[in-house]
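**Student:** Right, I'll just put the structure down here and ask away after.
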Amino acid sequence: MGRIMVGISISIVAPFLLNQIAAYGVGILLLLAALAILVCRRPFGSRFIYGACALVCSALVGAALCALLAPGAGLDAVEIPIGVPLGRTWLALDPLSAAFAVIVNLTTAIVSFYAIGHGTHAAEPQRVVPFYPAFVAAMNIVLLAQDAFSFLVGWEIMSLASWALVVSEDRSASNRRAGIVYLIMATGGAMTLLLAFGILAGPEGGYTFDAMRQAAAFKPGAIVLALALIGAGSKAGLVPLHAWLPLAHPAAPSHVSALMSGVMTKVAVYGFIRIVFDLSGPPSWWWSIPVLIVAAITAILGVLYALMEHDLKRLLAYHTVENIGIIFIGLGLALAFEASGFAVAAALALIAAIFHVFNHSLFKSLLFLGAGAVLSATGERDMECMGGLIHRMPVTAFAFLMGCIAISALPPFNGFVSEWLTFQAILMSPQLPQWIPRLLVPAVGATLACSAALAAACFVKAFGSTFLGRPRAPSAAAAKETDRWSLGAMLLLAALCLGAGVLPGFVIDSLAGVSNLLVGAQLAAQSDQPWLRIAPIDPARSAYNGLLVFSMIVIAAGLTALIVRRFASHGLRRAPAWDCGFPDPSPVTQYSSSSFAQPIRRVFGSVVFRAREHVTMPRAGDTGKAKLQLNLHDTLWEALYDPVIRFVNTAADRLNGFQFLTIRKYLMLVFAALVLLLVIIGTWR
Amino acid sequence: MTPFETDMAHLLAGSMVLVSFLLLYQDRMFALLNIFALHAWVLAFSVGWQAYLQHAPHLFITALIALVFKGVFIPVALHRIVVRLGIHRTIDTVVSAGPTMLFGMALVALSIVVMLPVTEAAGAFVREDLAFALSIVLLGLLMMVTRRNAVSQVIGFMSLENGLVLAATGARGMPLVVEISVAFSVLIAFIVIGIFLFRIRERFDSVDVRALDMSRGESA
């Protein structure tokens, strides 16, 4: 039936082909960015811009959905007669672009609704509003691009616009530092992608994606894979290139954080898939090994960092790192299966990864929007200053809880389905012919399981210390529920999380075009399965029914509530809470976020973070305070980034002398350099 | 192109290299200015010959610019400046003439070694012309590096620019606009440098550029 509806909608939009709609959408977004400069200072102006963004993105979702479900409807790429001197700009929606365009624009549309309400809180809207449509347009350009030049141009605009948003509140030193680190990492990443495309284009310089696919010539796959991992991985947040992410994502205004964490990292994943699966030709089996190792390390370290974090938005940013690891585990598995000829298993792993991309964009945006609502209500990002917000902000708390359940991969929400599919792919690994991945994949699976469990623990901590208990600071006690636009957007995201978890078969089916394009196979149609269950390989092997789980939970919870109401005592009594024999009413005595993390810190932290605790007790008889001091180290930063920073500083000190030479010495330097280069040219041949 | 025409072009371009060596060797001020004028005259003839060979009338304008400005106007003006500054004494060189000349010969060899293989696709005539031009540029740069006197540095710069004009006229298709603008930029550079010379002298009673370095609190 879905196919019929799509057919009808295609026949309606046929005169205006989908690619044209998408290209016009991008154009309108760019115009909005220009318009925003004029109108953003007025509250109505910024509302109008955000609202228009939401509308345009909704239209883009529609176009992309049609292109995804009915491939071939808009095959002719839109050729825009502007571009760099060597080529023109080609925009089109193939199934992969379309899938990501749906994900990106759906989330962006909802986040824009949130911004209609939330954006009016901005102190300096002129530093946020004009860059927002430009950022969204740039992400769409990256997705629509069918040649390397427009891909890179879109990528760079995306980086620069998001950088401008990160430093929009530049009064705090930490935001400025985040901006610098982000700019350096983004520049390096774009440079490696440029090199990757340069290698793929080959000596003939065919920079359209079609030309790259057809170039049968020598392709140094290892170099392309390494460059794509560095270039796209630095944007997505693969360890150890994640360093900018927990700095930059929280620094931006909350709705932009939601986009950067929930959506922009997905554009980076798209770039990786496009280069490695689509443009590089058939993979070798060993390509999967670096991807799997990096992904597993990313997943486990991301969640460990998150557990040590007490800043709510930084905690969420570290969880983005973890989820990127999960996505890349799926991609690595897909590479391994594709190289060994197991096309269906590759399709399963790939669909698991893209499904998780979809899910993560939904629940991570939801969580960041929730954190933004808390931030604007309390002015706090530190969880040790929150608490008890469920009484002050019940709807936000409810939506945030939905997001926490989804990201913790608990059924019946969507996070469970994609991680379950990833595990199904991991369980196919004994088929692999090479022994290295056969040994590696189970270890990766164990890491994935461990990180999923730790993620659940982390979100118990996040939700508990933010919303439960008693307020730890006066600002938390005085918090007010956020506005209706924001609440509507969060509830919509929560509903989508639940919907995708209860009815995952539709999502899997709609991704069939992507797996056909990239690995040449698709899973059996899930909508034919009885009772809306999913069985990706074989019902006898494994099946999951989200609807059944959801109904069971609803029935069990309903019955329990009924029984409690029916049979429990109706008399309401108020009594002092059990105080563990410690009747201090101060909220500081509550279980805090760091005390929650302490057992896990004891297990992992002493190695990973070199965590050391020092307890200073008062002397016997002294009634003074005891003191607990905790030292944590960011080992990765100290091991990888500090030496680079030291080297750059030392080199800058050494070269400082060159600023104070005499004119004749400068001339001599120029002369010597010229002669040296000429000698090199002369002797080279 | 007859062998005579090619030989003539080579003779003129080669003479420029020779005159560049004379510039490098010459350490008296007035003689230096006269040789620079000679450099410009040879350039003018060389460009004029190219204009005749390539049937490119606009190159005659270039030749005329070289003749009038660099062959007459700038040497005369520098001559007057030198007289007014009262520095018609010998020039002190950082490196003595012998090693400088040896190094200059090495530079000529280098430019031939570099240019001939690189420009294999071009005609034999253009290749050697470019090698000569590069030699002149390098010799001009060498002169700027080895002299301390501001006036002789200016001369080194101007002879370097002559080499560029020679290269530009040898490579066909150089538009006139570019040549005229290069000529004017040299003229402006000359004016600016001339003004600076007087300012330097006013301040330091010398046109030795070491005085500039000392004014920044450094030793040369």
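**Student:** In straight Cα distance, which aspartates and glutamates are under 13 Å from A:Lys235, not counting same-chain residues fewer than 8 positions off?
**Tutor:** The reachable aspartates and glutamates, counting only those whose Cα sits under 13 Å from A:Lys235, are A:Glu156.
**Student:** If you don't mind, another one. Please work out whether the range A:519-627 counts as rounded, prolate or oblate from its C-alpha gyration tensor, where a ≥ b ≥ c are the square roots of the eigenvalues and a/c under 1.5 means rounded, while otherwise a/b larger than b/c means prolate and anything else oblate?
**Tutor:** The shape class here is oblate.
**Student:** Right, another one. Quick one: longest stretch of chain A between exposed loop GluC sites (Glu not before Pro), exposed meaning at most 16 other C-beta atoms within 10 Å and loop per DSSP?
**Tutor:** A:205-480
**Student:** May I ask for the net charge around A:Gly558, where only other residues with Cβ less than 13 Å from the Cβ of A:Gly558 are counted and Lys, Arg are +1 while Asp, Glu are -1?
**Tutor:** Local charge sum for A:Gly558: +2.
**Student:** How large is Rg/Rh for the range A:122-252, to two decimals, with Cα atoms and a Kirkwood Rh?
**Tutor:** The Rg/Rh ratio comes out at 1.05.
**Student:** More than 21 angstrom separation, counting every C-alpha pair in the range A:467-576; what % is that?
**Tutor:** Cα-Cα pairs of the range A:467-576 separated by over 21 Å account for 66 percent.
**Student:** Restricting to Cα atoms and excluding each atom paired with itself, what does the Kirkwood estimate give for the protein assembly as shown in Å?
**Tutor:** Averaging 1/r across every pair of different Cα atoms and inverting gives 32.5 Å.
**Student:** Can you compute the modelled spin-label distance between A:Trp531 and B:Leu64, with each label point 7 Å from Cα toward Cβ, in nm?
**Tutor:** 10.0
**Student:** Taking a threshold of 19 Å on the Cα-Cα distance, which of the pairs A:Lys313/A:Lys364; A:Lys364/A:Lys461; A:Lys266/A:Lys461 fall above it?
**Tutor:** A:Lys266/A:Lys461
**Student:** With each run of n ≥ 4 DSSP H residues scored as -39500 (n - 2.57), what mean residue ellipticity at 222 nm is computed for the protein assembly as shown after dividing by its residue count and rounding to the nearest 500 deg cm²/dmol?
**Tutor:** Here the helix-only value at 222 nm equals -23000 deg cm²/dmol.
**Student:** From the Cα gyration tensor of the range A:254-293, with a ≥ b ≥ c the square roots of its eigenvalues, which class applies: rounded if a/c is under 1.5, or else prolate if a/b is larger than b/c, or else oblate?
**Tutor:** It is oblate, given that a/c is not under 1.5 and a/b is not larger than b/c.
**Student:** Counting partner chain Cβ atoms within 10 Å of every residue's Cβ in A:655-663, what's the average?
**Tutor:** Mean partner-chain Cβ count within 10 Å for A:655-663: 2.
**Student:** Determine, from the Cβ-Cβ distance of A:Phe658 and A:Leu195 and an R0 of 25 Å, the FRET efficiency 1/(1 + (r/R0)^6), rounded to the nearest 0.05.
**Tutor:** Approximately 0.30, to the nearest 0.05.
**Student:** What is the gain in length, in nm to one decimal, between A:Leu427 and A:Gln20 on full extension, counting 0.36 nm per residue of separation less the C-alpha to C-alpha distance?
**Tutor:** Result: 142.3 nm gained on full extension.
**Student:** Same structure again: Scan chain A and hand back the longest stretch that contains none of the chymotrypsin sites (Phe, Trp or Tyr not before Pro) lying in DSSP loops with at most 10 other Cβ atoms within 10 Å.
**Tutor:** In short, A:219-577.
**Student:** Please give the contour-minus-distance gain from A:Phe647 to A:Thr635: 0.36 nm per residue of separation, less the Cα-Cα distance, rounded to one decimal in nm.
**Tutor:** That works out to 2.5 nm of additional length.
**Student:** Starting from the Kirkwood Rh over alpha-carbon pairs, what translational D in µm² s⁻¹ does the range A:282-560 have by Stokes-Einstein at 10 °C and 1.306 mPa s?
**Tutor:** Answer, rounded: 82 µm²/s.
**Student:** Provide, in order from the shortest bin, the percent of all Cα-Cα pairs of the range A:192-268 in each 5 Å bin, continuing until the bin that contains the maximum pair distance.
**Tutor:** 3, 15, 20, 18, 13, 11, 10, 7, 3, 0
Read-outs throughout are calculated quantities, based only on the coordinates presented, and are distinct from any laboratory measurement. Just so it is clear, the structure is predicted and the values come from calculations on it, not from any experiment. For neighbour counting, all protein chains shown are included, and Cβ atoms are generated from backbone atoms with ideal geometry for every residue, glycine included.
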